[in-house]
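A short write-up of the structure that comes next.
The values are calculated or read from the model by the stated rules, or taken from the named source; none is laboratory data. These numbers were taken from a predicted model, which means no experiment stands behind them. Don't worry about glycine lacking a Cβ; one is built from the backbone with ideal geometry, like all the others, and counts go over all protein chains shown.
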Amino acid sequence: MSPPHILAIPFPAQGHVIPLLELSLCLVNHGFRVTFVNTDHTHKRVINALQENSLGDGIHLVSVPDGMEPDDDRNDLERLCAVMPQVMPGKLEELIEDINRIEEEKLVCVIADGSTGFALEVAEKMKIKKAAFWPASAATLASFYSIPKLIEDGIMDTDGTPVKKQMIQLAHNIPEIDSTNFIWYNVGGGLAQKTLFDFICKNTEAVKVADTLIGNSTYDFEPEALSLVPNMLPIGPLLASSRQGNSTGYFWQEDLACLNWLDQQQPSSVIYVAFGSFTVLDKIQFQELALGLELANKPFLWVVRPDITDDANEAFPEGFQERVANQGKMVGWAPQQKVLSHPSIACFFSHCGWNSTMEGLSNGLPFLCWPYFADQFINESYICDIWKVGLRFKRDESGIITREEIKSKIDQVVGDEKFKARALALKETAIETVKEGGQSNKCFNNFIEWIKA
Ligand code: UDP
């Protein structure tokens, strides 16, 4: 008999593809096979960057159109979120019909990202078990669940516009949320805001009624937030599970040579600087960051994605690359999970994406927090205020994080052993929870039993 067949559908962004692929690989290890459906655009990027044999036989990568033109900007979230629900459901239905035509291929379950509610609706329509996968924090989902109440309480209007800037506290020990930091409110207002707000509200409704919901979190990290999303089975942190950082599904080719460079550095000496897949810095801030790293006078490994600023390779301050040749290394894309587990790393200077947050915690690293948008402010607050494993930066009157501020915070976080001690304690917790008998492990096993039932 062939292994039970699952269809997995991520939202087409790097921070969604990596963890769902990680989960899919865990499921393959537990005797399933997975057809993984990217959009055509994402599929091409993943295939181009894929290292040989990194997927094995249990995963089959396929793709469907997202509804945009080949050269359209996929960072234009408004357009992406407007066209995907129009085009993708029909394409997914066709794909599922094709697969299900052969008896041994028939799907037993669809696992769809919580930001692709339309895929959960397709599964419902085609009478296939549907699981939602939530790759961000439970606190973020709790904030989406609370939208009707926030509207009722007059904190935002029915378009998601905050009535005033204020901090929202959903419950004790959950980060306060700035009413003006919700993702839909930061895309320029007007139609873009409405499109994104409606997209999120619709997805949230689909997640609420999914047959099951799994998330890349754990009761140990966010018990209070999880009590506000009682239908979530937390199975994370995914990285701490058995595969130990062999993630795949990158959009850019990883620069493995930086691991050799790390081998040559002193233990716990290197500042790893990476802002995920989406963050963009203007040229002034980019240069100030470069000068801050230089001023800190500690070894650093800095991921300078080709699109992190306009013309990234030309944007460095005059003479910077020559001056730091013995101090630092810049790469276009790092094998981050391997980097974070390298003994030379002292601290993670991060934009606080949830995957990066989980990866840093799973490796017992203190953080320096430089959030850019969306849920990253919530994650920053978890890191600095609740888990107390990192520090945030202050901006000056013109909104810049200065080189002196960067040096000062690097010195403070690396110089204070308490950050490291608390981070190591969380690492132990992460390892325990995904081990046989741990809470996340039990949730994962329950999930597997549910698929098989
Ligand atoms: N990542 C990586 N190499 C890099 C930068 C990031 O492998 O140079 C990975 C990182 O390990 C994480 C993902 O990309 O799994 C980024 O997800 P996250 O949620 O942290 O941020 P996003 O890109 O969604 O803002």
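Go through (1) within 16 Å of the ligand (Cβ to nearest atom); (2) surrounded by fewer than 19 Cβ atoms within 10 Å (Cβ to Cβ); (3) polar (S, T, N, Q) and name the single condition S2 misses.
(1)
Of (1) within 16 Å of the ligand (Cβ to nearest atom); (2) over 21 Å from E288 (Cα atoms), E449 satisfies all except one. Which?
For E449, the exception is condition (1).
Given (1) touching a Lys or Arg at 6+ places or on another chain (Cβ under 8 Å); (2) at pLDDT below 95; (3) not charged (D, E, K, R), where does A374 come up short, assuming only one miss?
Here A374 clears every test but (1).
Please work out which residue is modelled with the lowest pLDDT, limiting yourself to the stretch 1-57 and to residues that are polar (S, T, N, Q) and in contact with a helix residue (DSSP H, G or I) (Cβ under 9 Å, 6 or more places away or on another chain).
Our first condition is that a residue be polar (S, T, N, Q); within the stretch 1-57, this holds for 2, 14, 24, 29, 35, 38-39, 42, 48, 51, 53-54.
Filter again for in contact with a helix residue (DSSP H, G or I) (Cβ under 9 Å, 6 or more places away or on another chain), leaving 2, 14, 35, 38-39, 42.
Numbers: S2: 87, Q14: 97, T35: 98, N38: 98, T39: 98, T42: 98.
Residue satisfying both the conditions and the ranking: S2.
Do the conditions hold for L77, that is, is it in contact (Cβ under 8 Å) with a residue 24 or more places away in the chain, more than 16 Å from the ligand (Cβ to nearest atom) and closer than 28 Å to F144 by Cα? Explain how you work it out, then say what you get.
Working: in contact (Cβ under 8 Å) with a residue 24 or more places away in the chain: yes; more than 16 Å from the ligand (Cβ to nearest atom): no; closer than 28 Å to F144 by Cα: yes.
So L77 does not fit the description; no.
I want to confirm something. Restricting to the stretch 126-151 and keeping residues that are more than 14 Å from the chain's Cα centre (by Cα) and within 19 Å of W450 (Cβ to Cβ), which single residue is surrounded by the fewest Cβ atoms within 10 Å (Cβ to Cβ)?
It comes out as K127.
Could you identify the single residue in S227, S268, S242 that is small (G, A, S), at pLDDT 95 or above, surrounded by fewer than 19 Cβ atoms within 10 Å (Cβ to Cβ) and in a loop (DSSP other than H, G, I, E, B)?
Working: S227 fails: in a loop (DSSP other than H, G, I, E, B); S242 fails: at pLDDT 95 or above.
Criteria check complete, one pass: S268.
What pairs come up if the first residue lies in the stretch 245-257 and is outside any loop (DSSP other than H, G, I, E, B), the second is within 10 Å of the ligand (Cβ to nearest atom), and their beta carbons are under 8 Å apart, counting only those six or more places apart or on different chains?
These pairs meet every condition: A257/V331.
Hey, could you check the stretch 271-284 for residues that are more than 13 Å from the ligand (Cβ to nearest atom) and surrounded by 17 or more Cβ atoms within 10 Å (Cβ to Cβ) and say which is nearest to L368 (Cα to Cα)? I'd like the intermediate steps shown before the answer.
Keep residues of the stretch 271-284 that are more than 13 Å from the ligand (Cβ to nearest atom), which gives 271, 281-284.
Now restrict to residues that are surrounded by 17 or more Cβ atoms within 10 Å (Cβ to Cβ): 271, 281.
Values: I271: 9, L281: 17 Å.
Per the criteria, the residue is I271.
Restricting attention to the stretch 292-302, does a residue exist that is part of a loop (DSSP other than H, G, I, E, B), within 23 Å of the chain's Cα centre (by Cα) and within 22 Å of F373 (Cα to Cα)? Break it down into steps so the answer makes sense when it comes.
So the first thing to find is which residues in the stretch 292-302 are part of a loop (DSSP other than H, G, I, E, B), and the list is 297-299.
If we keep only those that are within 23 Å of the chain's Cα centre (by Cα) too, we end up with none.
The answer is no, given that none of the residues of the stretch 292-302 is part of a loop (DSSP other than H, G, I, E, B), within 23 Å of the chain's Cα centre (by Cα) and within 22 Å of F373 (Cα to Cα).
Tell me, which helices (runs of 4 or more DSSP H) lie completely within the stretch 347-415 with 3 or more residues that are within 16 Å of the ligand (Cβ to nearest atom)? Don't jump to the end; show me each part of the working.
Numbers: elements: 354-362, 376-381, 403-415.
Of the helices (runs of 4 or more DSSP H) lying wholly inside the stretch 347-415, those with at least 3 residues that are within 16 Å of the ligand (Cβ to nearest atom) span 354-362, 376-381.
Give me the pairs: first residue in the stretch 6-34 and closer than 22 Å to M84 by Cα, second residue assigned to a loop (DSSP other than H, G, I, E, B) and of a type in the set (S, T, Y), beta-carbon distance under 6 Å, and six or more apart or on different chains, which are they?
I9/T116; F11/S115; F11/T116; Q14/S277; I18/S247
Considering S63, S54, which residue is touching a residue at least 24 places away in the same chain (Cβ under 8 Å) and in contact with a His (Cβ under 7 Å, 6 or more places away or on another chain)? Give the derivation first.
Numbers: S54 fails: in contact with a His (Cβ under 7 Å, 6 or more places away or on another chain).
Selected residue: S63, the only one of S63, S54 that is touching a residue at least 24 places away in the same chain (Cβ under 8 Å) and in contact with a His (Cβ under 7 Å, 6 or more places away or on another chain).
Out of Q337, Q287, Q321, which single residue is part of a helix (DSSP H, G or I), within 13 Å of the ligand (Cβ to nearest atom) and more than 19 Å from R422 (Cα to Cα)? Explain how you work it out, then say what you get.
Working: Q287 fails: within 13 Å of the ligand (Cβ to nearest atom); Q321 fails: within 13 Å of the ligand (Cβ to nearest atom).
The conditions single out Q337.
Tell me, please, whether a residue that is of a type in the set (S, T, N, Q), farther than 22 Å from K427 by Cα, modelled with pLDDT of 95 or more and buried (at least 23 other Cβ atoms within 10 Å of the Cβ) can be found in the stretch 185-204.
Yes, the stretch 185-204 contains at least one residue that is of a type in the set (S, T, N, Q), farther than 22 Å from K427 by Cα, modelled with pLDDT of 95 or more and buried (at least 23 other Cβ atoms within 10 Å of the Cβ).
Counting only residues that are part of a helix (DSSP H, G or I), touching a residue at least 60 places away in the same chain (Cβ under 8 Å) and out of contact with any strand residue (DSSP E or B) (no Cβ under 9 Å at 6 or more places or on another chain), how many does the stretch 114-173 have?
Number of matching residues: 3.
Starting from the stretch 327-341, keep only residues that are closer than 9 Å to R305 by Cα, then list their pairs with residues that are hydroxyl-bearing (S, T, Y) and surrounded by 20 or more Cβ atoms within 10 Å (Cβ to Cβ) whose Cβ atoms are within a distance under 8 Å, requiring at least 6 positions of separation or different chains.
Hits for this filter: W333/Y250.
Scan the stretch 425-453 for residues that are of a type in the set (S, T, N, Q) and more than 17 Å from A131 (Cα to Cα) and jot them down. Spell out the reasoning first.
Initially, the stretch 425-453 is screened for residues of a type in the set (S, T, N, Q), giving 429, 433, 439-441, 445-446.
Across the stretch 425-453, the qualifying residues are T429, T433, Q439, N441.
Would you be able to say whether some residue in the stretch 303-315 is within 11 Å of the ligand (Cβ to nearest atom), touching a strand residue (DSSP E or B) at 6+ places or on another chain (Cβ under 8 Å) and either at negative phi or not in a loop (DSSP other than H, G, I, E, B) (or both)?
For the stretch 303-315, residues within 11 Å of the ligand (Cβ to nearest atom), touching a strand residue (DSSP E or B) at 6+ places or on another chain (Cβ under 8 Å) and either at negative phi or not in a loop (DSSP other than H, G, I, E, B) (or both): present.
Considering only the stretch 51-58, I want to know if a residue exists there that is within 18 Å of the chain's Cα centre (by Cα) and not hydrophobic (A, V, I, L, M, F, W, C).
Checking the stretch 51-58: not a single residue is within 18 Å of the chain's Cα centre (by Cα) and not hydrophobic (A, V, I, L, M, F, W, C).
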